[in-house]
Amino acid sequence: SDYTKEYWQPPRVGWVKVNIDGSVPKHTSSAAVGGVIRVHKGNWLFGFGLRIDRSGIFQTEARALYEGLVVAWHERFRQIEVESDNPILIDVVSNGYTVDSNLSEIRFIHIMILKKW
């Protein structure tokens, strides 16, 4: 798809990139989310990871995106690019469908995007 690249693409100069992912193992009662934040030269700034309640993969990936935005905002980054292997999630967020979502994670992402701190 247009959203999936074969290798990491750096963000623009002055921006950070948040790479996120979620995992829903078959035989456990929990899921996991995590990611990394890097600058345009590829330098690793922050990483994050946590276990969450088990849910579908879309909701898990949405939670990973939300947590990545929280970490980036906490570290005072405001120019943020996001990379995910879930093209549907990126499409939902990029095209403004977050407003109409019934998933709390998607609504929280919408709120984060609109923040003007």
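Answer yes or no as to whether Thr28 is in a helix (DSSP H, G or I), farther than 19 Å from Trp8 by Cα and hydroxyl-bearing (Ser, Thr, Tyr). Spell out the reasoning first.
Values: in a helix (DSSP H, G or I): no; farther than 19 Å from Trp8 by Cα: yes; hydroxyl-bearing (Ser, Thr, Tyr): yes.
Criteria not met by Thr28.
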Given the condition touching a Phe, Trp or Tyr at 6+ places or on another chain (Cβ under 9 Å), surrounded by 14 or more Cβ atoms within 10 Å (Cβ to Cβ), of a type in the set (A, V, I, L, M) and modelled with pLDDT of 80 or more, answer yes or no: does some residue in the stretch 100-111 qualify?
yes
Restricting attention to the stretch 74-89, the residues that are assigned to a loop (DSSP other than H, G, I, E, B), in contact (Cβ under 8 Å) with a residue 24 or more places away in the chain and open to solvent by 30 Å² or more (accessible area, probe 1.4 Å) number exactly 5
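Suppose we filter Val18, Val92, Val71 for residues that are β-branched (Val, Ile, Thr) and assigned to a strand (DSSP E or B); which single one remains?
Values: Val92 fails: assigned to a strand (DSSP E or B); Val71 fails: assigned to a strand (DSSP E or B).
Among Val18, Val92, Val71, only Val18 is β-branched (Val, Ile, Thr) and assigned to a strand (DSSP E or B).
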Tell me, please, whether a residue that is among the hydrophobic types (A, V, I, L, M, F, W, C), out of contact with any helix residue (DSSP H, G or I) (no Cβ under 6 Å at 6 or more places or on another chain), within 14 Å of Asp21 (Cα to Cα) and without any contact (Cβ under 8 Å) to a residue 24 or more places away in the chain can be found in the stretch 42-50.
yes
Residue list for the stretch 35-58, filter: outside any strand (DSSP E or B) and open to solvent by 60 Å² or more (accessible area, probe 1.4 Å):
His40, Lys41, Asn43, Arg54, Ile57
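The values are calculated or read from the model by the stated rules, or taken from the named source; none is laboratory data. Since the structure is predicted, the reported quantities are computational estimates derived from the model, not experimental observations. Please note: Cβ atoms are built from the backbone with ideal geometry, for glycine as well, and neighbour counts cover all protein chains shown. What goes into the accessible areas is simple: the full protein's heavy atoms, side chains included, and nothing from ligands, DNA or RNA. Shrake-Rupley method; radii C 1.70, N 1.55, O 1.52, S 1.80 Å.
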